[in-house]
Each structure stands twice: as C-alpha cells, then as structure tokens.
Amino acid sequence: MQGKGFIKVIALLLLAICSYQLLFTWKANQIESQAIALAEERIPSENPETLYPNDLVQQFLYKDSIHKARIEYKNRYLDSLATEKVFLGSTFKKVKESQLNLGLDLQGGMSAVLQVNIKELLQSLSDNNTNPVFNKALDLAETRMSESADDYITLFTKALKETSPNAKLADFFATRANSDVIKANTSDDAVLKYIREEADNAIHRTYNIISTRIDQFGLRQPIITLEPRKGRITVEIGGVDNPARVRSMLQATASLEFWETYKATEIGGSINQANDALKLYLQAQRGIAPQEEAPKAIGTDGIDDILGDNNTQTQASNIDDILGEPKKTDSSSKSDKDLLKDIADKATDSIASQEKFMQEAPLFAVLNPAIDQNNMYLASPVIGYSLNIDTAKVNTYLSIPEVRNKFPRDIDFMWGAKAVGDKGNIFELYAIKKRPNTNKPFIDGSAVTNSKADIDQFGRTYIGMEMNGEGARKWKKMTGDNVGKNIAIVVDRVVYSAPNVENEISGGNSSITGSFTKEEATDLSNILKIGKLPASANIVEEETVGATLGTEAIRAGLLSMLAGFIMVIALMIGFYSTGGIFASVVLVMNLFLIVGVMAVFGSTLTLPGIAGIVLTMGMAVDANVLIFERVKEELRNGQTAINAVANGFKHSMA
C-alpha cells in the first residue's frame, strides 16, 4: 500500500506540473489568436477577384500585400506585449518561451544553408595580399568547391601549385599580424597547419556565434547542424514570418566602427566643384563642348543663379501646381481650348526646366544638398539627401575620378541606415573622415565588451555600450579630439548614428542614439554583443515553408489522432465495459502526460511525433487488451474478481 501511495503522489505531482506547463501553451495561443484577429480587423481585405476580375497577378499581389501588412501589425502588437505581465505573473516573452514547441513541418518556418567564406578569411590572414598568383589560386579554389569533395584550403593549395609551382605559402602569409607564427622561411607544412587551424576556428566560431544569435533573438528550438569539412551550417527555424529579418541576422558581420566626420560647411566648396566637374564630364561623354563659364553653385549665390529666379519653385512643384485652377480673369476671357493650351505649355516648360536642371547641376539633381533657407550648407555630417532610387546613381557619380578628385583625399561617403521623410524613401549621405595613411577606423567592434538596448527617461530607445580598457583609452582620446564635432557610429558601412560630442568621454561607457524602433535596437545590440563573425557566412540555399502548409499539417495530424482515439475508446468500452472505461481514462492521462512532459522539457512536436503518439496509444491499448483477456480467462477458471485481476496483470507481463 505504501508503494501505491507513493505512485499516486508522483502521478498527481506529474499531472499538476504538466497541467501548469500546458497552461502557457494555451495562453500563448490565445494571445496570438487575439493578435491575428486585431490585425484582420485593423487591416480589412476585399475580394481580390472583385477588385481585379481578370488579372491573376494583381490578385496575388493584393493578397500578398494584405498578408504582409497583417503580419507586420501582429508582430508589432506582440512586441508591445513582450515585457508586459500577461499570465500568472509572467511576461508574454516568458509565456512564449514556455509553450509547447512545434516543428518546421507543423507551423511553417525557414530553412537555410550558410557557407562560411574561407576565401575571405585567407585574404584577411594575408593582409589582403594583391599578388595576382595568390588571388588566382583563391578564385580557382572557389570555382572548384561546388564540384569537389575536398575542403577549400586543400583546393587552394592545389590551385596555388598549379598556378606557380615554386610559390611558397610563407610569401603570402608572413605578415606583421602573423609574425609570431610565420616567418619568411617557414615551411609550407607549418603555414598550412596554421591557416587550417585558423579556418577550423573560424568555422566553429561562426557556428557558435550564429547559434548564440538565434538564441538571443528568441527563436525557439532551432535545428543547427555543422559540416566542418565544407564549412557549411544548416539552420532550420520554425514559426518565422519575417524571413528577411532572420536572413539579415544570420549573415550580418556586425563590423562596428567609429569614424570622424566632415561637416557640410567644411566641404561645401568641394561639393560645388564636384557638381561642376560632373557637368563637364557628362558633357564630354555626350560630345558637347564645355561652356566658357560654369554656373554659380549652391552655397555661394544660391541655386536660383543656375536656373533663374523661379526655377527652385518650378523644381519643387508637383503636377497639381502645373495643372491647378486657372485664374478667374483668364477663365472668363479664354475658351476651353485656350485654357488647355496654357496648361500644356506650363507642363512643357516645367519638363524643360527639369531637364535643364539635370544638365546644369547633375549631382544636385540626384543629391539634394543639406542647405538652409539661405542656401548655405549646414554644420552637419549629412551633406545631402537622395531618393532610394537615386542612391546607386549618386555612388556612381562620386566614384568618377574627375569628381572624386574635387574632395579631400581622406574623405569617404556612407549612407544612413534608416530612410527618412514622410514616405520613408529618402536616405542621408554622410561625409566620413578617414585616418591618415590607413583605411581602418580609430576604434572597431573588438573594443566593445557588452551592449544593451534600453529606454531613457524621455522614452527614447538607445543602445548602451561598454568598452574594454584599450577601447576606453582610445574612446577618451577620440572624443577629446572631436569635442563640438560628430562621430559616426557605423555598422557594415552604414551609419546608424552620428552624435555630436559635447565633452570628452572616459570610462568606456557610452550609448548609441538614433531613430531606433525597439526591435531594431534589440537586433543591433544582440549583434554587437555577440560579436563579429570571424568570416562572413553567406546563404547559399534557402527554403521557406508557408504557414498555410503548416496549418493544414496540424489540422490533418490532429484529426487523424482524434479519429483514432475516439475509435479506440469506443472499441474498448464496447468490448470490456467498465474495464474499457478505466482503460480509456488512463489512455487520456497517458496522452496528456506525454504532451505535458514534452512542454516541460522544451521538446519540439513534429508531424512524425504525432504519428509516434498515435503508435504509443496503440501500444497502450494493446497492453490493456492482453491484460483484460487474461483476466477474463482467470474468471472463466473460477477465480474471484480480485484474484483474476491480480493474476491477469501478473501472467500477462511476459
């Protein structure tokens, strides 16, 4: 009896734990269903067949846009609840982490294969050696990777010997950074051992960093596998409805850099000269003879001098201004034909003015300069603004040698990370000041030891950073030398913020400020905190499992399990009456405990897992059938009910 009592206590305790754990799954599903309902309510949808009766493409695009808009709203709603206590004193983030996990085949998600770029690592180890023999060997190895079972380093060494049989590895890898390991006379075997160790470390570090990133981003139960020989990492993540964010997070190198900047007021003359040089260059390309006198540029007597007094207004005007209502005096004296002619003439004049502006000021036609109302450049590291469709053209223009030579030799240009403007389609161009005789920043991400996204007393999102001793020393000097100036905080050559330095900062604790959303700040903070990838990892294969497939798989699996469950219970009760009822109750408890224990241990339920549960139910029923048939046999032999049950369990065990 004592043993039975102990078993009862354990069973009740296990039942209570499983019930408690499964409550989180119920609550998480309830909140997510509420978010979906709110998204459908806030973003209503019309029948696409009614809107676009004979256009299947437009029907698809309409449904896709509605779907994406609802997902975005749902995610924003759920993000707002992340730190809110929603159930039993737990935040929604904690509730979500405690729910039963569903596999990729049930809830949809994303599968990606990443290739660690060993070529990039070898270039870095060689200090970006420009020797054509070395680079040809790298290219040959990369070409042969897809056709060979060998690893990249083996293919590289073979290609190097083919290209130059007398070449020594030390000739390319005996750099200042590797001087303590590789000398000019180091043997090929020793160099090969070194670069292979570095490659293996890079592959495993990349694998660990990606694993940590996925965990930091709150992506539940990912399946991450590493193929060290080929340098490939396979990632499967369930429940992903924003693949672009995951894709960016997986591949991001997070090369954090701190750069000094120029102000637009310092290089305003260079910008004007660059516009003039670009005008002459384009004229030469078109075979047009240059004019004797270039037009005056912005920052001197203003843009009005380029096109006359009214051209600035003409350039800024839209079609409504061109085709606006004619004056009443004109409408009373002119016919409709004359009015239409006036409108056409105005439109023609406007187009001609814009074409003239593009010819006279080609740079300013795609890069709106950062000027004030008096056409004077602003004291800001932002030198201009460009539409997203024009940024590539700006890059092309600024890369033309005749244009580039008008700027200081130590200048570089970088775009802002986030679009601005009412329509979110304008990007800022920053003027970066490089250090003398080097392309490296004064401080990089290796100086950062920790980072955290937080909200200040004014409700603004920022990223707090902590630096190591060396970083703190450099940061103190950099901020001290740039008081009253701006320092650009750059990640992967994109400017996230360029705060003005008010005073020298010592101690190594700083913050990145900018127009961050909470999600953007968290993403950037996690990438910075976890670290820079030792070698970039590029997605070479990707597959997205749609949510519709996942929903159908769940429905089919649950229906099959439920149908089998009902049929088994009906047969058990029909054959064994009261005994069948007891067996069915235990079967329900068995099923409940299986799912509950999976939730407790954070296991993932997949479609094969559902099949396994069904098989487990069948085995449990089979055991009950054996026991009950043995009990009936004992009863037929004249045993009492108690003895028949005892012997039934005892003799059916075998």
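The values are calculated or read from the model by the stated rules, or taken from the named source; none is laboratory data. Model, not experiment: these values are computed from the prediction. Don't worry about glycine lacking a Cβ; one is built from the backbone with ideal geometry, like all the others, and counts go over all protein chains shown. When the accessible area is computed, the model is the full protein with side chains, heavy atoms only, and any ligands, DNA or RNA have been set aside. Shrake-Rupley method; radii C 1.70, N 1.55, O 1.52, S 1.80 Å.
Data table
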item: Pair-distance profile P(r), taking every C-alpha pair of the range 40-181, with 10 angstrom steps and integer %; result: 9, 20, 16, 11, 19, 19, 6, 0
item: Calculated FRET value between ASP454 and ASN47, using beta carbons and R₀ = 45 Å, to 0.05; result: 0.50
item: Sparsely packed GluC sites (Glu not before Pro) within the range 92-147, loop by DSSP, other Cβ within 10 Å at most 14; result: GLU147
item: Protection proxy ranking of 40-52, 268-280 - average other beta-carbon atoms within 10 Å, highest first; result: 268-280, 40-52
item: Pairwise centroid distance, computed over Cα atoms, of the range 100-118 with the range 444-508, Å; result: 35
item: Positive-end residue of ALA417, GLY464, GLN373, charge dipole of the range 347-495 with Cβ unit charges; result: GLY464
item: Lysine-lysine proximity count for the range 55-97, Cα under 15 Å, sequence distance 8 or more or distinct chains; result: 5
item: Sites LYS440 and GLN283, calculated FRET efficiency, Cβ-Cβ separation with R0 30 Å, nearest 0.05; result: 0.20
item: Carbon and sulfur %, accessible surface of the range 41-162 computed with the full protein complex present, 1.4 Å; result: 50
item: Relative compactness, the range 542-649, computed as alpha-carbon Rg over 2.2 N^0.38 Å; result: 1.40
item: With every protein chain in place, the range 411-501: carbon and sulfur % of accessible area (1.4 Å); result: 46
item: Accessible surface, per residue, of the range 30-169 when the full set of protein chains is kept, probe 1.4 Å, Å²; result: 56
item: Mean Cβ neighbour count within 10 Å, used as a protection proxy, ranking 536-544, 358-366 highest first; result: 358-366, 536-544
item: Accessible-area value, LYS63, 1.4 Å probe, nucleic acids and ligands omitted, Å²; result: 120
item: Ordering of 492-499, 257-264 by burial proxy (mean other Cβ atoms within 10 Å per residue, highest first); result: 257-264, 492-499
item: Residues with amide H under 5 Å from that of SER497, placed H, sequence gap 5 or more; result: ILE489
item: With all protein chains modelled, accessible area of ASP150 [1.4 Å, Å²]; result: 40
item: Above-threshold pairs, the threshold being 19 Å between Cα atoms, out of LYS418/LYS476; LYS433/LYS518; LYS406/LYS433; result: LYS418/LYS476; LYS433/LYS518
item: At R0 = 51 Å, FRET efficiency that the Cβ-Cβ distance of ALA570 and SER80 yields, to 0.05; result: 0.60
item: Relative intensity, log₁₀ I(q)/I(0), of the range 131-251 from a Debye sum that treats every alpha carbon as a point, q = 0.16, 0.21 Å⁻¹; result: -0.87, -1.14
